[in-house]
Amino acid sequence: MDIFDLIGPIMVGPSSSHTAGAVRIGLACRRILGEEVAEADITLSGSFAATGRGHGTDKAIVAGLLGMAPDDTRVPDSFSYAREKGLLFSFAFGEIPFSHPNTARLIVRGVNGAEADIEAASLGGGRIEIRRLGDMPLRFSAEQPTLIIRNEDRPGNVADVSRILSEENINIATFNVNRNSRGGEAVMVIECDTPPSEKSLERIRSLPGILRAVYVSQE
């Protein structure tokens, strides 16, 4: 057991699950989008919907979308900072079927036109899990350097990506693949021990059948 499982994360309170975890959800969505967030439609479900405003969950998610960390003293004033930055956001409250009690769905659009539809859960102690990207069910923590690769469902793509990471001396911690249909689109989620270089990312992006590759950094 890690000491932070006992004392919790360093954060602006009041709740590790509803505040710190919510910041990390927003921050992970920003990193998955890969650019500054221009618009966000946010749905809070379960306990997030019932008690989230009292715990500052709404402000925490917006803070994360702005790039703030859980211990940033600006988190409680994130709405004001969002207005200054021109970030447009809206909140809805409802049940997301078969979801964790602390779940948020974020449909985000970036300043350069990128879009992402992400479902994430706050598991407690500041830990989060990304559970869906678009129509793809996923499971990853965003706590390690992570590659998210959307590709055509065709033979050889997994082998090609693995080969590039091996040649760049990047060790794979976990590797998960999901697809929406045979021969349709698939998503690889690769958690690495060390961050991939820009060179390795460009090599992956240039592979036949790769539609998009995003690195979810931890900085």
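The values are calculated or read from the model by the stated rules, or taken from the named source; none is laboratory data. This one's a predicted model, so the numbers in the text were calculated from it and none came from an experiment. Cβ atoms come from the backbone with ideal geometry, glycine included; neighbour counts cover every protein chain shown. Calculation scope for accessible area: heavy atoms of the full protein, side chains included, ligands and nucleic acids excluded. Shrake-Rupley method; radii C 1.70, N 1.55, O 1.52, S 1.80 Å.
For the reader, a short list of remarks on this structure follows.
- Taken over region 197-219, residues that are modelled with pLDDT of 90 or more, open to solvent by less than 60 Å² (accessible area, probe 1.4 Å) and not small (Gly, Ala, Ser) amount to 4.
- Criterion applied to Val161, Val177 was being open to solvent by less than 60 Å² (accessible area, probe 1.4 Å) and out of contact with any Lys or Arg (no Cβ under 6 Å at 6 or more places or on another chain), and the one residue passing it is Val161.
- Residue in region 79-89 that is touching a residue at least 24 places away in the same chain (Cβ under 8 Å), farther than 22 Å from Ser141 by Cα, open to solvent by less than 20 Å² (accessible area, probe 1.4 Å) and more than 16 Å from the chain's Cα centre (by Cα) present: yes
- Within region 34-78, the residues that satisfy the criterion of being without any contact (Cβ under 8 Å) to a residue 24 or more places away in the chain and open to solvent by 40 Å² or more (accessible area, probe 1.4 Å) are Ala50, Arg53, Gly54, Lys59, Arg74, Asp77.
- Of the residues Phe89, Phe79, Phe175, the single one that is at pLDDT 90 or above, of a type in the set (A, V, I, L, M, F, W, C) and under 17 Å from Ser200 (Cα atoms) is Phe175.
- Residues that are modelled with pLDDT of 90 or more and open to solvent by 40 Å² or more (accessible area, probe 1.4 Å), drawn from region 137-153: Arg150, Glu152, Asp153
- The number of residues in region 153-170 being touching a strand residue (DSSP E or B) at 6+ places or on another chain (Cβ under 8 Å) and of a type in the set (S, T, N, Q) comes to 2.
- Scanning region 73-98 for residues that are in contact with a strand residue (DSSP E or B) (Cβ under 8 Å, 6 or more places away or on another chain), under 17 Å from Ala120 (Cα atoms), assigned to a loop (DSSP other than H, G, I, E, B) and not β-branched (Val, Ile, Thr) yields Gly94, Glu95.
- When residues of region 90-120 are limited to those that are among the aliphatic types (A, V, I, L, M) and over 19 Å from Met136 (Cα atoms), the one most open to solvent (accessible area, probe 1.4 Å): Val111
- For beta carbons closer than 7 Å, sequence separation of 6+ or different chains, a first residue in region 160-185 that is under 14 Å from Pro196 (Cα atoms) and a second that is surrounded by 13 or more Cβ atoms within 10 Å (Cβ to Cβ) and of a type in the set (Lys, Arg), the qualifying pairs are Ile164/Arg203.
- Long-range neighbours under 6 Å by Cβ, at least six apart or interchain, first residue in a loop (DSSP other than H, G, I, E, B) within region 186-213, second open to solvent by 80 Å² or more (accessible area, probe 1.4 Å): Asp193/Asn171; Gly209/Arg154
- Scanning region 121-136 for residues that are open to solvent by 60 Å² or more (accessible area, probe 1.4 Å) and either outside any strand (DSSP E or B) or modelled with pLDDT under 85 (or both) yields one hit, Asp135.
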